[in-house]
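The values are calculated or read from the model by the stated rules, or taken from the named source; none is laboratory data. The shown structure was predicted, so the numbers you read here are calculated from the model rather than taken from an experiment. FYI the Cβ positions are ideal-geometry reconstructions off the backbone, even for glycines, and counts take in every protein chain you see.
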């Protein structure tokens with residue numbers, strides 16, 4: 001399992017031309033010019049020289065050579081760490097983008113809130129762990145192997161008997177802990193899912209205020225305790241196994257140090273090796289043996305990485321829960337969307353969120369959805385988008401019922417701006433503002449709007465450096481740049497000042513030859529629409545606005 005995880009790192013690295021070769025070259029160079037090798041050679045040579053020659057003039061040359069080697073090794077190690085960090089960034093970016101770009105088009109409303117939280121938490125935790133472990137692997141694996149190889153050659157050049165140290169040290173100090181750590185593999189496979197279940201449940205509980213409700217509170221607490229206990233048991237088993245492997249490694253490392261003294265001392269007193277060679281051999285073993293710890297640690301990280309890679313693969317390759325397969329061929333354009341006597345409730349026995357809703361949306365018209373918080377606005381939109389199936393009534397698209405196999409084609413004609421303002425944290429603001437998957441190149445009108453909203457001023461920044469209003473503008477620009485037959489905007493001006501809100505609303509109302517639907521609590525926004533859909537206690541009514549489709553000049 002671990003070797004698969006390690007090979008996956010370098011297969012991902014192979015996507016970037018020349019990256020693996022340069023990493024290997026820097027690793028080999030930093031090993032040859034490393035501090036353990038240079039210091040052991042220098043000290044052994046100096047002792048041997050002083051034993052038979054009291055002239056210290058030549059020591060300056062040896063010191064200068066050793067200093068040059070150390071400086072070169074330090075520089076190569078710096079370059080290796082820098083290049084490993086860049087490689088890790090590109091690998092992680094590729095994995096994250098392949099996964100998140102797919103999930104960006106995933107109809108999240110097919111998931112319950114708890115499943116949504118589990119999915120997003122799993123992705124966040126997996127990519128965070130991968131980024132840390134990949135970086136450590138890229139920095140240390142090849143360098144440690146090269147250093148061990150160079151040291152082994154040096155030891156064997158002194159005397160073949162040192163093979164009695166090298167082989168047991170590698171087999172025992174590295175091999176035995178690895179065999180023990182393999183017992184942790186089942187717990188590592190369960191870790192991403194266990195973390196996701198716990199985080200997802202907590203997010204769902206707090207988002208839905210379950211813990212603040214008296215009714216059902218005990219059941220929620222019991223469920224939380226059950227999930228947390230399962231995660232704790234899984235983590236305890238993993239760490240107990242790793243702790244046993246670690247303690248075994250420490251004990252075997254001590255035995256390696258004692259064995260080099262025994263074998264090296266025997267060879268020295270027998271006159272087979274010199275004092276300088278004995279000192280060099282001992283220093284090499286004592287300073288290189290910890291690198292076996294790096295190999296063991298990388299192996300353990302490989303176990304963790306493989307489990308997380310498998311989790312990412314499952315998320316990227318598995319079909320969306322409840323989502324039908326796409327029918328072949330291009331989906332027809334949407335000219336009308338109609339609800340015919342639709343009622344909906346989330347659970348049996350609960351009141352209906354929607355009650356016999358019937359109305360029609362037609363292409364070329366603009367609609368505002370208005371209602372108090374919790375009235376059912378989001379549920380209404382989810383039913384219109386085909387994300388929720390009504391208990392009674394029908395969803396008609398172009399006058400025809402929408403079969404499940406045509407839902408993906410229907411979604412491909414929809415552009416949605418969600419109130420959550422989803423962005424890619426590793427992309428710039430300008431890259432985030434582009435439409436998803438490169439489906440469309442923004443036109444001149446979009447570019448003018450982007451300029452007026454200030455994108456050129458902060459487009460180079462990452463989303464973490466932006467305010468809430470700037471992030472909302474990014475998502476609005478992305479939605480407006482996407483060609484669609486049905487545009488849905490959820491609170492598009494909630495984080496904008498008055499001037500930017502007018503600019504955005506002017507752009508939304510300028511959308512032609514499409515159905516435009518906007519959810520808003522703002523009376524100033526609602527009154528600019530020609531049709532207003534009012535949701536109140538499950539009842540849906542449609543009326544004409546008092547100031548139909550008014551375009552206010554932008555400040």
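Of note:
- Checking the stated criteria, residue 408 turns out not to satisfy the condition of being more than 20 Å from residue 347 (Cα to Cα), modelled with pLDDT under 80, touching a strand residue (DSSP E or B) at 6+ places or on another chain (Cβ under 9 Å) and surrounded by 15 or more Cβ atoms within 10 Å (Cβ to Cβ).
- Condition check for residue 445 on (1) in contact (Cβ under 8 Å) with a residue 40 or more places away in the chain; (2) surrounded by 14 or more Cβ atoms within 10 Å (Cβ to Cβ): one failure, at (2).
- For residue 80: the one exception among (1) buried (at least 18 other Cβ atoms within 10 Å of the Cβ); (2) within 28 Å of residue 148 (Cβ to Cβ); (3) at pLDDT below 80: (3)
- Selection within segment 390-419 - touching a helix residue (DSSP H, G or I) at 6+ places or on another chain (Cβ under 9 Å), farther than 20 Å from residue 481 by Cα and not in a strand (DSSP E or B): 390, 402
- Taking first residues from segment 134-149 that are under 12 Å from residue 297 (Cβ atoms) and partners that are assigned to a helix (DSSP H, G or I) and at pLDDT 80 or above, the Cβ contacts under 7 Å between residues at least 6 apart in sequence or on separate chains come to 139/80; 139/81; 139/84.
Results for (1) modelled with pLDDT under 75; (2) under 30 Å from residue 266 (Cα atoms); (3) in contact with a helix residue (DSSP H, G or I) (Cβ under 6 Å, 6 or more places away or on another chain), shown as yes or no for each residue.
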| residue | (1), (2), (3) |
| --- | --- |
| 96 | yes, no, yes |
| 108 | yes, no, yes |
| 142 | no, no, yes |
| 153 | no, yes, no |
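Yes/no per residue for (1) surrounded by fewer than 13 Cβ atoms within 10 Å (Cβ to Cβ); (2) at pLDDT 90 or above; (3) within 19 Å of residue 405 (Cβ to Cβ); (4) touching a helix residue (DSSP H, G or I) at 6+ places or on another chain (Cβ under 9 Å):
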site	(1), (2), (3), (4)
325	yes, no, yes, yes
356	no, yes, no, no
360	no, yes, no, no
376	no, no, no, no
